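No value in this document is a laboratory result; all are computed from the given coordinates. Note that the structure is predicted; figures quoted are calculated from it, not measured. Cβ placement follows ideal geometry from the backbone for every residue including glycine, while neighbour counts extend to all protein chains displayed.
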């Protein structure tokens with residue numbers, strides 16, 4: 001089972017970074033290149049504990065849907081989303097937030113599994129883990145860009 005661990009330093013207040021990380025609107029902007037949209041559940045605003053969102057996006061030349069639920073949340077410090085329905089056998093994404101003197105450290109821990117036995121494991125190792133890591137890095141780059149500028153006001157005000 002692949003495990004992706006990312007650490008991102010964002011020079012912005014903890015609460016702002018936490019809220020931008022839960023923003024459906026900002027997530028859509030970070031994944032525009034995949035034509036990603038929220039189609040069911042929470043489709044705008046800030047996702048909260050026990051809410052779901054179904055995303056539709058073009059991955060690997062095919063439109064796919066993924067439904068996740070926020071299964072845990074400790075305001076401003078942690079939340080976790082887990083797959084309820086989608087192409088993976090399972091998916092869990094933990095988001096950790098730590099305040100530092102000049103901003104916030106964001107730690108993403110992302111685990112997933114694929115079907116198709118040995119073939120699926122090969123695809124994970126040779127391609128899918130790198131693909132998913134790039135998506136998470138792109139998402140964090142956009143969160144950082146908005147949090148460190150005045151752009152955040154467009155999303156959170």
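With a cut-off of 19 Å, note down the residues of the stretch 43-65 whose backbone N falls inside the zone around a label point 7 Å from the Cα of residue 151 toward its beta carbon.
Within reach of a label on residue 151: 45-46.
Using only the alpha carbon atoms of the stretch 1-67, find the Kirkwood hydrodynamic radius as the inverse mean reciprocal pair distance, in angstroms to one decimal.
For the stretch 1-67, inverting the mean 1/r across all distinct Cα pairs yields 13.4 Å.
Which angle from 0 to 90°, rounded to the nearest 10, does the C-alpha axis of helix 129-147 make with the longest principal axis of the chain?
For helix 129-147, the angle is close to 20 degrees.
Helix-derived [θ] at 222 nm for the chain: sum -39500 (n - 2.57) over DSSP H runs of at least 4, divide by residue count, nearest 500?
-8500 deg cm²/dmol
What is the distance, in nm, between label points placed 7 Å from the Cα along the Cα-to-Cβ direction at residue 64 and at residue 130?
Reported label-point gap for residue 64 and residue 130 is 1.7 nm.
Of the residues 59, 77, 27, which exhibits the maximal mean-square fluctuation in a Gaussian network model of the chain defined by a 10 Å Cα contact cut-off?
Comparing 59, 77, 27 in the GNM, the peak value goes to 59.
Rounded to whole Å and ordered largest first, report the semi-axes of the equivalent ellipsoid of the chain derived from its Cα gyration tensor (root of 5λ).
One finds semi-axes of 26, 17, 15 Å for the chain.
Mind checking the alpha-carbon convex hull of the stretch 63-120 and giving the volume per residue in Å³?
With only Cα atoms used, the stretch 63-120 gives 108 Å³ per residue.
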